[in-house]
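Accompanying notes for the structure given below.
The values are calculated or read from the model by the stated rules, or taken from the named source; none is laboratory data. Note that this is a predicted model, so its numbers are computed, not measured. Heads up, the Cβs are rebuilt from the backbone with ideal geometry, glycines too, and the neighbour counts pull from every protein chain shown. Ligands, DNA and RNA are excluded from the accessible area calculation, which covers all protein heavy atoms including side chains. Shrake-Rupley method; radii C 1.70, N 1.55, O 1.52, S 1.80 Å.
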Amino acid sequence: MEISSKDAAPGRWGIVLAGGEGERLKPLIRQWLGHEKPKQFCALTSDKTLLEETLDRVSGLVARERLVTIIGRDHARFMNGCAARAGRLISQPAGRETAPGIFLPAAYILRADPSATVLIFPSDHFVSSTPAFSASVRRAAALAERCPDKIVLLGAIPDGPEEDYGWIEPDRTWSTPAGAMKVTRFREKPGAREAAAMYEEGCLWNTMVMAVKVRTLWDMGRAGLPEMMTHFDALLPALGTASESSALAEAYRRLGSFNFSRDLVERLPERVMVLPMEGVEWSDLGRPARIQEIRGRLGRSWPAAPVPCLIGAAA
């Protein structure tokens, strides 16, 4: 059931990231479905797709008219009933990694509301508690508004030395009353030894859920990835005009691939705060074993043979 957005704060916008291809899970999904489908359009932990679950969580935080969802070029056929709930739906001309995937919808928000606070939500994650998650997001948004020159990232409390996640080393000598900490460093997908050390040191997983003023995000992009932002700055004047489609195609023709965590926030840790999520189990569902473990605890066992309606069935 969709949660009411009546309590969504004015001036807060949302970006839902649904443009990934889910490369790590492709063999698993192909085995079950007989064809490929990105994991955000699959029902992995409930009867709803991961995108539907994300939109459920977001609906209580951001009004639909201030929601922008970005999908891949060939993803519209997977949207089904989600399209009506996704706010403004943007199809990126080509996959260019996570940084362009964030800055393209941010460009539309910057044009519409330059003073906006932006809440960013990947759409392919497992979140155990919507109320606890929503409380953390609201705290992050309030912090981003009180500290308008910072990105506030939600950090998940790890349950082991996961090598496939991004890690955040917080500076525990400095924190806000809300519990957010400065960031000492980021480490994207460390090896086994480093992941074990970061786990023992009490580091956090980077969920990529974040709150930031849209102008701050844009300024950070210019500071950390000027070669990318040249194309987005050139695109801005064309948005909402007859030349938007051609300008977008030209920008992506020239645009390289950039990872938001590795290529931007790792370069600017002084611009980031991390807020640990309390009472929330989180996973990016990147490994079949993680999905099986979560489904087992939820009492949702896998069938012995492929069942096409199991993954990707609309709720």
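Projecting the Cα atoms of Pro170, Val280, Ala211 onto the charge dipole of the chain, computed from C-beta unit charges around the Cα centre, puts Ala211 farthest toward the positive end.
Ordering Ala18, Pro161, Leu225 by the projection of their Cα atoms onto the charge dipole of the chain, which places +1 on the Cβ of Lys and Arg and -1 on the Cβ of Asp and Glu, puts Ala18 at the extreme positive end. Only beta bridges with both residues in the chain are counted; by DSSP, about 50 percent of them are antiparallel.
Of all DSSP beta bridges confined to the range 62-204, the antiparallel ones make up roughly 65%. A 1.4 Å probe, protein heavy atoms only, puts the accessible area of Thr130 near 40 Å².
Taking a ≥ b ≥ c as the square roots of the eigenvalues of the Cα gyration tensor, an a/c ratio of 1.5 or more together with a/b no larger than b/c marks the range 73-120 as oblate. For the chain, the per residue solvent-accessible surface stands at 42 Å², with DNA, RNA and ligands left out and a 1.4 Å probe. Charge dipole (Cα centre; +1 on Lys/Arg Cβ, -1 on Asp/Glu Cβ; no other charges) of the chain amounts to roughly 460 debye. With a/c under 1.5 counting as rounded, go ahead and sort the range 13-110 into rounded, prolate or oblate using the C-alpha gyration tensor (a ≥ b ≥ c being the square roots of the eigenvalues; past the cut-off, prolate if a/b is larger than b/c, else oblate). Oblate is the answer for the range 13-110, as a/c is 1.5 or above yet b/c matches or exceeds a/b. Expressed as a whole percent, how much of the Cα-Cα distance distribution for the range 97-149 exceeds 12 Å? For the range 97-149, the share of Cα pairs beyond 12 Å comes to 73 percent. By accessible area, using a 1.4 Å probe on protein heavy atoms only, the chain has 52% of its surface on carbon and sulfur. Between Pro27, Pro122, Pro276, where does the largest GNM mean-square fluctuation fall for the chain, given springs only between Cα atoms within less than 10 Å? Comparing Pro27, Pro122, Pro276 in the GNM, the peak value goes to Pro27. When the chain is described by a simple charge dipole with +1 on each Lys and Arg Cβ and -1 on each Asp and Glu Cβ, the residue from Tyr199, Phe41, Gly87 located farthest towards its positive end is Gly87. DSSP finds beta bridges in the range 1-149, and of those with both partners inside it, around 0 percent are antiparallel.
Taken as entire DSSP H runs, the helices of the chain that both span 18 Å or more between Cα atoms along their own long axis and average 0.0 or more on the Kyte-Doolittle scale are 98-112, 130-146.
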